Amino acid sequence: MNKEKMKKILYIFIILNAFLDMLVGRVDVFGFSLSSLLRLIIPFSLIIYIFFKDKDERKKIFILGLVFLVYSLMHLYLYEKNLNAFAYGNTFYEATYLLHYIYLIFCMYLFYYVFKDGKNELYKYLFIFNIIYIVSLYIALITNTSEFTYIEGIGYKGWFSIGGTVGGVLVLSLFLLLPYIFKDKKNIILKSVFLISNYLYLIFILGTRVGMYGSILTLIVYVVSLVLLSLIQKIKFNKKILLYSSISLIIVFIVIYNVGSMAIEKRKMLENWDGKNPVEETDEPIYMAYDFILLKEDIEKGNIQEGFISDEQIDAIVSLDQYTTKNKTRSTDLRKQQLLYHYYLYKNQKNIALKLFGNGYLANMGALTLEMEMPALLFNFGLLGLILFFCPFLIILVYSIILAIKNIKKIKIEFVMLIMSSFMSMAIAYTSGHTYFNTSVMLVLFIINTLLLIETQKLRGVK
(Lines give C-alpha, C1' and ligand atoms only; values in the text may rest on other atoms or scores of the structure.)
Protein backbone atom coordinates (compact mmCIF):
# COMPACT_ATOMS: atom_id res chain seq x y z
CA MET A 1 0.00 0.00 0.00
CA ASN A 2 1.52 3.31 -1.06
CA LYS A 3 0.93 6.72 0.54
CA GLU A 4 -1.61 7.76 -2.08
CA LYS A 5 -3.86 4.89 -1.03
CA MET A 6 -3.29 5.80 2.62
CA LYS A 7 -4.36 9.37 1.82
CA LYS A 8 -7.63 8.12 0.34
CA ILE A 9 -8.26 6.01 3.44
CA LEU A 10 -7.64 9.00 5.72
CA TYR A 11 -9.95 11.17 3.60
CA ILE A 12 -12.69 8.59 4.24
CA PHE A 13 -11.69 8.62 7.91
CA ILE A 14 -12.20 12.40 8.04
CA ILE A 15 -15.72 12.13 6.63
CA LEU A 16 -16.61 9.19 8.90
CA ASN A 17 -15.59 11.25 11.94
CA ALA A 18 -18.52 13.62 11.40
CA PHE A 19 -20.94 10.70 11.81
CA LEU A 20 -18.97 9.11 14.66
CA ASP A 21 -19.16 12.42 16.54
CA MET A 22 -22.94 12.04 16.62
CA LEU A 23 -22.54 8.65 18.34
CA VAL A 24 -20.40 9.98 21.20
CA GLY A 25 -22.02 9.13 24.53
CA ARG A 26 -24.87 7.21 22.88
CA VAL A 27 -23.64 3.60 22.90
CA ASP A 28 -21.02 2.01 25.19
CA VAL A 29 -19.19 -1.29 24.69
CA PHE A 30 -17.43 -2.72 27.77
CA GLY A 31 -17.29 0.75 29.27
CA PHE A 32 -15.86 2.33 26.11
CA SER A 33 -17.79 4.63 23.82
CA LEU A 34 -18.63 2.79 20.59
CA SER A 35 -17.69 5.95 18.73
CA SER A 36 -14.21 5.98 20.31
CA LEU A 37 -13.64 2.29 19.53
CA LEU A 38 -14.68 2.65 15.87
CA ARG A 39 -12.50 5.76 15.60
CA LEU A 40 -9.41 3.72 16.52
CA ILE A 41 -9.76 1.10 13.78
CA ILE A 42 -8.54 3.01 10.69
CA PRO A 43 -5.60 5.01 12.16
CA PHE A 44 -4.16 2.19 14.28
CA SER A 45 -4.55 -0.32 11.44
CA LEU A 46 -2.48 2.02 9.25
CA ILE A 47 0.11 2.54 12.00
CA ILE A 48 0.49 -1.24 12.44
CA TYR A 49 0.88 -1.58 8.66
CA ILE A 50 3.57 1.13 8.61
CA PHE A 51 5.36 -0.55 11.54
CA PHE A 52 5.76 -3.81 9.64
CA LYS A 53 6.30 -2.37 6.14
CA ASP A 54 8.51 0.68 6.72
CA LYS A 55 11.78 -0.23 8.45
CA ASP A 56 12.80 3.41 8.80
CA GLU A 57 9.65 4.21 10.79
CA ARG A 58 9.58 1.01 12.86
CA LYS A 59 12.07 2.28 15.43
CA LYS A 60 10.23 5.61 15.80
CA ILE A 61 6.87 3.89 16.38
CA PHE A 62 8.42 1.43 18.85
CA ILE A 63 10.12 4.17 20.90
CA LEU A 64 6.99 6.33 20.84
CA GLY A 65 4.86 3.41 21.97
CA LEU A 66 7.32 2.40 24.70
CA VAL A 67 7.50 5.93 26.13
CA PHE A 68 3.73 6.24 26.37
CA LEU A 69 3.37 2.71 27.74
CA VAL A 70 5.84 3.37 30.57
CA TYR A 71 4.24 6.73 31.38
CA SER A 72 0.71 5.25 31.32
CA LEU A 73 1.62 2.34 33.59
CA MET A 74 3.25 4.67 36.12
CA HIS A 75 0.30 7.09 36.02
CA LEU A 76 -2.26 4.32 36.50
CA TYR A 77 -0.20 2.66 39.25
CA LEU A 78 -0.12 5.92 41.23
CA TYR A 79 -3.80 6.53 40.53
CA GLU A 80 -4.79 3.08 41.81
CA LYS A 81 -2.50 3.42 44.84
CA ASN A 82 -3.99 6.77 45.89
CA LEU A 83 -7.59 6.05 44.84
CA ASN A 84 -10.26 6.83 47.44
CA ALA A 85 -14.03 7.19 47.61
CA PHE A 86 -13.75 10.89 46.70
CA ALA A 87 -12.72 9.94 43.15
CA TYR A 88 -15.09 10.49 40.23
CA GLY A 89 -13.97 7.35 38.38
CA ASN A 90 -12.02 4.14 38.82
CA THR A 91 -8.69 3.17 37.23
CA PHE A 92 -10.40 1.79 34.12
CA TYR A 93 -12.07 5.11 33.31
CA GLU A 94 -8.85 6.98 34.06
CA ALA A 95 -7.17 4.73 31.49
CA THR A 96 -9.67 5.82 28.82
CA TYR A 97 -8.39 9.41 29.09
CA LEU A 98 -4.83 8.20 28.59
CA LEU A 99 -5.99 6.23 25.57
CA HIS A 100 -7.50 9.40 24.09
CA TYR A 101 -4.21 11.24 24.48
CA ILE A 102 -2.20 8.38 23.00
CA TYR A 103 -4.66 8.39 20.10
CA LEU A 104 -4.04 12.14 19.68
CA ILE A 105 -0.25 11.77 19.47
CA PHE A 106 -0.18 8.67 17.26
CA CYS A 107 -2.75 10.10 14.82
CA MET A 108 -0.72 13.29 14.62
CA TYR A 109 2.28 11.14 13.67
CA LEU A 110 0.19 9.21 11.12
CA PHE A 111 -1.26 12.28 9.41
CA TYR A 112 2.16 13.88 9.05
CA TYR A 113 3.76 10.66 7.79
CA VAL A 114 1.09 10.20 5.12
CA PHE A 115 0.59 13.80 3.96
CA LYS A 116 4.08 15.33 4.24
CA ASP A 117 4.96 14.32 0.66
CA GLY A 118 3.10 15.33 -2.46
CA LYS A 119 -0.22 17.12 -2.80
CA ASN A 120 -3.07 16.73 -0.38
CA GLU A 121 -6.77 17.62 -0.25
CA LEU A 122 -7.07 18.14 3.48
CA TYR A 123 -8.81 21.51 3.07
CA LYS A 124 -11.39 19.98 0.74
CA TYR A 125 -12.24 17.10 3.07
CA LEU A 126 -12.28 19.33 6.13
CA PHE A 127 -14.85 21.42 4.24
CA ILE A 128 -16.96 18.32 3.51
CA PHE A 129 -16.64 17.27 7.18
CA ASN A 130 -17.94 20.70 8.26
CA ILE A 131 -20.81 20.60 5.75
CA ILE A 132 -21.99 17.33 7.33
CA TYR A 133 -21.82 19.00 10.75
CA ILE A 134 -23.82 22.06 9.68
CA VAL A 135 -26.45 20.11 7.72
CA SER A 136 -27.02 17.74 10.66
CA LEU A 137 -27.36 20.69 13.08
CA TYR A 138 -30.06 22.35 10.98
CA ILE A 139 -31.90 19.08 10.29
CA ALA A 140 -32.01 18.42 14.04
CA LEU A 141 -33.26 21.97 14.60
CA ILE A 142 -35.95 21.79 11.90
CA THR A 143 -37.17 18.32 12.97
CA ASN A 144 -37.21 19.38 16.62
CA THR A 145 -34.85 16.51 17.53
CA SER A 146 -31.98 18.72 18.65
CA GLU A 147 -30.83 18.51 22.25
CA PHE A 148 -30.31 21.62 24.36
CA THR A 149 -26.74 22.81 24.79
CA TYR A 150 -27.37 23.44 28.49
CA ILE A 151 -29.69 21.60 30.87
CA GLU A 152 -31.45 24.91 31.54
CA GLY A 153 -32.91 24.72 28.02
CA ILE A 154 -30.54 27.25 26.44
CA GLY A 155 -28.92 26.71 23.05
CA TYR A 156 -29.14 23.80 20.60
CA LYS A 157 -26.32 21.32 19.99
CA GLY A 158 -28.02 19.05 17.46
CA TRP A 159 -27.33 15.33 17.83
CA PHE A 160 -23.89 15.92 19.31
CA SER A 161 -23.15 15.14 22.96
CA ILE A 162 -21.43 18.40 23.99
CA GLY A 163 -22.13 21.94 22.77
CA GLY A 164 -18.56 22.98 23.51
CA THR A 165 -17.34 20.29 21.12
CA VAL A 166 -19.52 21.62 18.30
CA GLY A 167 -18.22 25.14 18.90
CA GLY A 168 -14.60 23.96 19.02
CA VAL A 169 -14.84 21.93 15.81
CA LEU A 170 -16.59 24.63 13.77
CA VAL A 171 -14.59 27.62 15.05
CA LEU A 172 -11.17 25.99 14.61
CA SER A 173 -12.20 24.76 11.16
CA LEU A 174 -13.25 28.28 10.12
CA PHE A 175 -9.69 29.55 10.58
CA LEU A 176 -8.64 27.09 7.87
CA LEU A 177 -11.71 27.27 5.66
CA LEU A 178 -11.98 31.06 5.25
CA PRO A 179 -8.84 31.24 3.02
CA TYR A 180 -9.96 28.06 1.23
CA ILE A 181 -13.43 29.44 0.52
CA PHE A 182 -12.27 32.87 -0.68
CA LYS A 183 -9.39 31.45 -2.74
CA ASP A 184 -11.50 30.98 -5.87
CA LYS A 185 -15.09 31.36 -7.06
CA LYS A 186 -15.64 27.65 -7.68
CA ASN A 187 -18.85 26.44 -5.94
CA ILE A 188 -19.23 29.98 -4.57
CA ILE A 189 -22.98 29.55 -3.88
CA LEU A 190 -22.41 26.42 -1.80
CA LYS A 191 -19.52 28.09 0.02
CA SER A 192 -21.57 31.23 0.72
CA VAL A 193 -24.52 29.22 2.07
CA PHE A 194 -22.10 27.24 4.24
CA LEU A 195 -20.50 30.37 5.71
CA ILE A 196 -23.78 32.14 6.43
CA SER A 197 -25.30 29.00 7.99
CA ASN A 198 -22.18 28.38 10.04
CA TYR A 199 -21.94 31.89 11.46
CA LEU A 200 -25.67 32.09 12.20
CA TYR A 201 -25.58 28.85 14.17
CA LEU A 202 -22.42 29.64 16.09
CA ILE A 203 -23.41 33.19 17.01
CA PHE A 204 -27.15 32.92 17.68
CA ILE A 205 -28.19 29.28 18.14
CA LEU A 206 -25.46 27.12 19.71
CA GLY A 207 -25.35 29.15 22.91
CA THR A 208 -21.65 28.82 23.82
CA ARG A 209 -19.15 31.63 24.25
CA VAL A 210 -16.62 29.72 22.17
CA GLY A 211 -19.13 29.54 19.32
CA MET A 212 -20.19 33.20 19.47
CA TYR A 213 -16.93 35.01 20.25
CA GLY A 214 -14.76 32.49 18.43
CA SER A 215 -16.65 32.73 15.14
CA ILE A 216 -16.60 36.53 15.20
CA LEU A 217 -12.88 36.41 15.95
CA THR A 218 -12.19 34.20 12.90
CA LEU A 219 -13.59 36.85 10.58
CA ILE A 220 -11.74 39.70 12.31
CA VAL A 221 -8.43 37.78 12.28
CA TYR A 222 -8.85 36.88 8.61
CA VAL A 223 -9.54 40.44 7.47
CA VAL A 224 -6.81 42.01 9.64
CA SER A 225 -4.29 39.41 8.45
CA LEU A 226 -5.16 40.08 4.82
CA VAL A 227 -4.71 43.83 5.26
CA LEU A 228 -1.42 43.50 7.14
CA LEU A 229 0.04 41.01 4.65
CA SER A 230 -0.94 43.26 1.74
CA LEU A 231 0.80 46.24 3.39
CA ILE A 232 3.94 44.29 4.33
CA GLN A 233 4.24 42.42 1.04
CA LYS A 234 2.93 45.34 -1.05
CA ILE A 235 0.36 43.21 -2.85
CA LYS A 236 -3.27 43.80 -3.68
CA PHE A 237 -6.09 41.83 -2.13
CA ASN A 238 -9.76 41.53 -2.91
CA LYS A 239 -11.30 44.62 -1.30
CA LYS A 240 -14.75 43.07 -1.65
CA ILE A 241 -13.76 40.62 1.10
CA LEU A 242 -13.00 43.55 3.42
CA LEU A 243 -16.29 45.25 2.49
CA TYR A 244 -18.47 42.13 2.91
CA SER A 245 -16.74 41.12 6.13
CA SER A 246 -17.11 44.59 7.63
CA ILE A 247 -20.81 44.75 6.71
CA SER A 248 -21.33 41.25 8.15
CA LEU A 249 -19.67 42.18 11.44
CA ILE A 250 -21.71 45.39 11.73
CA ILE A 251 -24.96 43.46 11.12
CA VAL A 252 -23.96 40.81 13.68
CA PHE A 253 -23.20 43.42 16.37
CA ILE A 254 -26.47 45.25 15.67
CA VAL A 255 -28.51 42.03 15.90
CA ILE A 256 -26.72 40.90 19.09
CA TYR A 257 -27.27 44.32 20.67
CA ASN A 258 -30.97 44.49 19.79
CA VAL A 259 -32.04 40.83 19.78
CA GLY A 260 -29.37 39.07 21.80
CA SER A 261 -27.78 35.65 21.60
CA MET A 262 -28.28 32.39 23.48
CA ALA A 263 -24.69 32.62 24.72
CA ILE A 264 -25.44 36.02 26.26
CA GLU A 265 -28.69 34.64 27.72
CA LYS A 266 -26.67 31.92 29.46
CA ARG A 267 -24.25 34.51 30.91
CA LYS A 268 -27.14 36.61 32.24
CA MET A 269 -28.66 33.57 33.91
CA LEU A 270 -25.38 32.79 35.68
CA GLU A 271 -25.07 36.41 36.82
CA ASN A 272 -28.56 36.17 38.36
CA TRP A 273 -27.53 33.04 40.25
CA ASP A 274 -24.21 34.48 41.44
CA GLY A 275 -23.88 34.68 45.21
CA LYS A 276 -27.25 33.07 45.91
CA ASN A 277 -27.73 29.96 47.99
CA PRO A 278 -29.69 27.54 45.77
CA VAL A 279 -31.25 25.73 48.75
CA GLU A 280 -31.65 28.12 51.68
CA GLU A 281 -33.42 31.47 51.44
CA THR A 282 -30.86 33.82 52.96
CA ASP A 283 -29.46 37.28 52.28
CA GLU A 284 -25.94 36.11 53.14
CA PRO A 285 -23.97 35.76 49.88
CA ILE A 286 -21.91 32.69 49.07
CA TYR A 287 -18.57 32.83 47.27
CA MET A 288 -17.96 29.16 46.63
CA ALA A 289 -20.00 26.68 44.57
CA TYR A 290 -22.73 25.16 46.74
CA ASP A 291 -21.44 21.58 46.36
CA PHE A 292 -18.06 22.70 47.65
CA ILE A 293 -19.67 24.50 50.59
CA LEU A 294 -21.45 21.29 51.64
CA LEU A 295 -18.15 19.41 51.45
CA LYS A 296 -16.36 22.09 53.48
CA GLU A 297 -19.06 21.98 56.15
CA ASP A 298 -18.81 18.19 56.42
CA ILE A 299 -15.05 18.55 56.85
CA GLU A 300 -15.49 21.18 59.58
CA LYS A 301 -18.10 19.06 61.41
CA GLY A 302 -15.97 15.92 61.21
CA ASN A 303 -18.59 14.07 59.15
CA ILE A 304 -16.02 12.75 56.65
CA GLN A 305 -15.30 9.04 57.02
CA GLU A 306 -11.67 7.98 57.30
CA GLY A 307 -10.22 7.11 53.89
CA PHE A 308 -12.95 8.94 51.99
CA ILE A 309 -10.66 11.85 51.09
CA SER A 310 -6.92 12.47 51.48
CA ASP A 311 -5.39 15.09 53.77
CA GLU A 312 -4.02 16.96 50.74
CA GLN A 313 -7.51 17.14 49.22
CA ILE A 314 -8.96 18.42 52.51
CA ASP A 315 -6.25 21.09 52.73
CA ALA A 316 -7.01 22.14 49.14
CA ILE A 317 -10.73 22.55 49.94
CA VAL A 318 -9.92 24.64 53.03
CA SER A 319 -7.50 26.82 51.03
CA LEU A 320 -10.13 27.28 48.32
CA ASP A 321 -12.69 28.38 50.91
CA GLN A 322 -10.26 30.90 52.39
CA TYR A 323 -9.41 32.34 48.98
CA THR A 324 -13.02 32.65 47.76
CA THR A 325 -14.15 34.27 51.01
CA LYS A 326 -11.26 36.72 51.09
CA ASN A 327 -11.55 37.71 47.42
CA LYS A 328 -15.35 37.40 47.18
CA THR A 329 -15.23 35.33 44.02
CA ARG A 330 -18.30 34.55 41.93
CA SER A 331 -19.98 31.41 43.23
CA THR A 332 -20.95 30.49 39.66
CA ASP A 333 -17.37 30.68 38.35
CA LEU A 334 -16.86 26.95 38.67
CA ARG A 335 -13.83 26.73 36.37
CA LYS A 336 -11.87 29.28 38.41
CA GLN A 337 -12.66 27.39 41.60
CA GLN A 338 -11.63 24.10 39.99
CA LEU A 339 -8.36 25.68 38.90
CA LEU A 340 -7.64 27.07 42.37
CA TYR A 341 -8.46 23.76 44.05
CA HIS A 342 -6.11 21.81 41.77
CA TYR A 343 -3.39 24.41 42.20
CA TYR A 344 -3.57 24.01 45.99
CA LEU A 345 -3.74 20.21 45.68
CA TYR A 346 -0.68 20.06 43.41
CA LYS A 347 1.17 22.45 45.72
CA ASN A 348 0.32 20.37 48.82
CA GLN A 349 1.42 17.04 47.36
CA LYS A 350 4.80 16.00 48.76
CA ASN A 351 5.21 12.88 46.61
CA ILE A 352 7.50 13.85 43.70
CA ALA A 353 6.10 10.96 41.62
CA LEU A 354 2.63 12.55 41.74
CA LYS A 355 4.07 15.84 40.51
CA LEU A 356 5.80 14.05 37.62
CA PHE A 357 3.12 11.54 36.60
CA GLY A 358 -0.01 13.27 37.91
CA ASN A 359 -2.57 12.50 40.59
CA GLY A 360 -5.24 11.53 38.06
CA TYR A 361 -7.88 13.35 36.06
CA LEU A 362 -10.75 11.58 37.85
CA ALA A 363 -9.22 11.60 41.34
CA ASN A 364 -11.75 14.14 42.70
CA MET A 365 -15.54 14.52 42.88
CA GLY A 366 -17.31 15.33 39.60
CA ALA A 367 -17.70 19.06 40.24
CA LEU A 368 -13.99 19.31 41.01
CA THR A 369 -12.87 17.54 37.83
CA LEU A 370 -10.81 20.21 36.09
CA GLU A 371 -12.45 21.28 32.82
CA MET A 372 -9.60 23.59 31.76
CA GLU A 373 -7.37 21.23 29.78
CA MET A 374 -4.03 23.02 29.86
CA PRO A 375 -3.86 23.21 33.68
CA ALA A 376 -5.31 19.67 33.89
CA LEU A 377 -2.38 18.34 31.89
CA LEU A 378 0.02 19.62 34.55
CA PHE A 379 -2.03 19.13 37.70
CA ASN A 380 -3.70 15.81 36.78
CA PHE A 381 -1.19 14.20 34.41
CA GLY A 382 1.96 15.69 35.90
CA LEU A 383 4.94 17.50 34.44
CA LEU A 384 5.79 14.52 32.22
CA GLY A 385 2.20 14.33 30.99
CA LEU A 386 2.31 18.00 30.04
CA ILE A 387 5.58 17.46 28.13
CA LEU A 388 4.38 14.33 26.32
CA PHE A 389 0.85 15.36 25.41
CA PHE A 390 1.00 19.12 24.93
CA CYS A 391 4.57 20.23 24.21
CA PRO A 392 4.69 18.67 20.69
CA PHE A 393 1.88 21.01 19.62
CA LEU A 394 3.41 23.98 21.42
CA ILE A 395 6.77 23.37 19.71
CA ILE A 396 5.07 23.22 16.29
CA LEU A 397 3.28 26.51 16.99
CA VAL A 398 6.35 28.36 18.29
CA TYR A 399 8.51 27.11 15.42
CA SER A 400 5.84 28.14 12.89
CA ILE A 401 5.66 31.64 14.40
CA ILE A 402 9.46 32.00 14.21
CA LEU A 403 9.50 30.93 10.56
CA ALA A 404 6.56 33.22 9.77
CA ILE A 405 8.41 36.22 11.21
CA LYS A 406 11.61 35.36 9.33
CA ASN A 407 9.69 34.91 6.07
CA ILE A 408 7.07 37.61 6.62
CA LYS A 409 7.38 38.90 3.05
CA LYS A 410 6.55 35.60 1.41
CA ILE A 411 4.13 33.79 3.72
CA LYS A 412 0.53 33.32 2.61
CA ILE A 413 -2.72 33.99 4.41
CA GLU A 414 -3.26 30.22 4.79
CA PHE A 415 -0.14 29.94 6.95
CA VAL A 416 -1.18 32.87 9.13
CA MET A 417 -4.63 31.36 9.70
CA LEU A 418 -3.09 27.97 10.52
CA ILE A 419 -0.96 29.61 13.19
CA MET A 420 -3.97 31.45 14.58
CA SER A 421 -6.06 28.27 14.61
CA SER A 422 -3.37 26.46 16.59
CA PHE A 423 -3.14 29.35 19.04
CA MET A 424 -6.94 29.45 19.30
CA SER A 425 -7.08 25.71 20.06
CA MET A 426 -4.78 26.28 23.03
CA ALA A 427 -6.78 29.29 24.19
CA ILE A 428 -10.02 27.28 24.07
CA ALA A 429 -8.33 24.36 25.84
CA TYR A 430 -7.20 26.70 28.62
CA THR A 431 -10.44 28.61 29.09
CA SER A 432 -13.18 26.06 28.47
CA GLY A 433 -11.82 22.65 27.54
CA HIS A 434 -13.35 20.16 25.06
CA THR A 435 -10.30 20.39 22.80
CA TYR A 436 -7.24 18.23 23.50
CA PHE A 437 -9.32 15.81 25.64
CA ASN A 438 -12.00 15.51 22.99
CA THR A 439 -11.75 12.97 20.15
CA SER A 440 -14.14 15.01 18.00
CA VAL A 441 -11.98 18.14 18.05
CA MET A 442 -8.80 16.08 17.74
CA LEU A 443 -9.46 15.50 14.04
CA VAL A 444 -9.23 19.25 13.39
CA LEU A 445 -6.02 19.36 15.48
CA PHE A 446 -4.45 16.63 13.30
CA ILE A 447 -5.22 18.63 10.17
CA ILE A 448 -4.08 21.99 11.62
CA ASN A 449 -0.73 20.71 12.82
CA THR A 450 -0.08 18.52 9.77
CA LEU A 451 -0.64 21.49 7.47
CA LEU A 452 1.54 23.68 9.71
CA LEU A 453 4.40 21.18 9.48
CA ILE A 454 3.99 20.93 5.69
CA GLU A 455 4.07 24.74 5.35
CA THR A 456 7.18 25.00 7.53
CA GLN A 457 8.84 22.44 5.23
CA LYS A 458 8.06 24.62 2.24
CA LEU A 459 9.46 27.72 3.91
CA ARG A 460 12.65 25.85 4.76
CA GLY A 461 12.90 24.62 1.19
CA VAL A 462 12.51 20.96 2.17
CA LYS A 463 10.97 18.86 -0.60
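The values are calculated or read from the model by the stated rules, or taken from the named source; none is laboratory data. The model shown is predicted, which means the values in this text are computed figures rather than measured ones. Cβ placement follows ideal geometry from the backbone for every residue including glycine, while neighbour counts extend to all protein chains displayed.
Tabulated results
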item	result
Selection within segment 315-365 - under 30 Å from residue 285 (Cβ atoms) and among the small types (Gly, Ala, Ser)	316, 319, 331
Filter result for residue 27 (of a type in the set (A, V, I, L, M, F, W, C), in contact with a helix residue (DSSP H, G or I) (Cβ under 9 Å, 6 or more places away or on another chain), surrounded by fewer than 17 Cβ atoms within 10 Å (Cβ to Cβ) and more than 17 Å from residue 437 (Cβ to Cβ))	yes
Which listed residue is more than 16 Å from the chain's Cα centre (by Cα), farther than 26 Å from residue 70 by Cα and without any contact (Cβ under 8 Å) to a residue 12 or more places away in the chain, from 413, 405, 401	405
Residues being of a type in the set (A, V, I, L, M, F, W, C) and surrounded by 23 or more Cβ atoms within 10 Å (Cβ to Cβ) - total across segment 355-369	3
Segment 331-354 - residue that is in a helix (DSSP H, G or I) and over 28 Å from the mean Cα position of the chain (by Cα) and, of those, surrounded by the fewest Cβ atoms within 10 Å (Cβ to Cβ)	352
Set 15, 47, 9: member being surrounded by fewer than 18 Cβ atoms within 10 Å (Cβ to Cβ) and either touching a Phe, Trp or Tyr at 6+ places or on another chain (Cβ under 7 Å) or within 28 Å of residue 89 (Cα to Cα) (or both)	15
Options 151, 181: the member that is of a type in the set (A, V, I, L, M, F, W, C), assigned to a loop (DSSP other than H, G, I, E, B) and modelled with pLDDT under 95	151
Number of the condition not met by residue 30 [criteria: (1) modelled with pLDDT of 95 or more; (2) over 22 Å from the mean Cα position of the chain (by Cα)]	(1)
Long-range neighbours under 7 Å by Cβ, at least six apart or interchain, first residue without any contact (Cβ under 8 Å) to a residue 40 or more places away in the chain within segment 63-76, second not hydroxyl-bearing (Ser, Thr, Tyr)	72/98; 76/94; 76/95
Residue 54 under 30 Å from residue 307 (Cβ atoms) and either among the acidic types (Asp, Glu) or modelled with pLDDT of 95 or more (or both)	no
Criterion: assigned to a helix (DSSP H, G or I) and at negative phi - qualifying residue of 160, 129	129
Which listed residue, of 394, 377, is assigned to a helix (DSSP H, G or I) and either over 20 Å from residue 360 (Cα atoms) or not aliphatic (A, V, I, L, M) (or both)	394
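Yes or no, residue by residue, for (1) assigned to a loop (DSSP other than H, G, I, E, B); (2) in contact with a helix residue (DSSP H, G or I) (Cβ under 6 Å, 6 or more places away or on another chain); (3) not aromatic (Phe, Trp, Tyr):
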site: 60; (1), (2), (3): no, no, yes
site: 63; (1), (2), (3): no, no, yes
site: 69; (1), (2), (3): no, no, yes
site: 79; (1), (2), (3): no, yes, no
site: 93; (1), (2), (3): no, no, no
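Rundown of residues vs (1) surrounded by 15 or more Cβ atoms within 10 Å (Cβ to Cβ); (2) in contact with a helix residue (DSSP H, G or I) (Cβ under 6 Å, 6 or more places away or on another chain), yes/no style:
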| position | (1), (2) |
| --- | --- |
| 292 | yes, no |
| 296 | yes, yes |
| 303 | no, no |
| 306 | no, no |
| 310 | yes, no |
| 317 | yes, yes |
| 321 | yes, yes |
| 325 | no, no |
| 329 | yes, no |
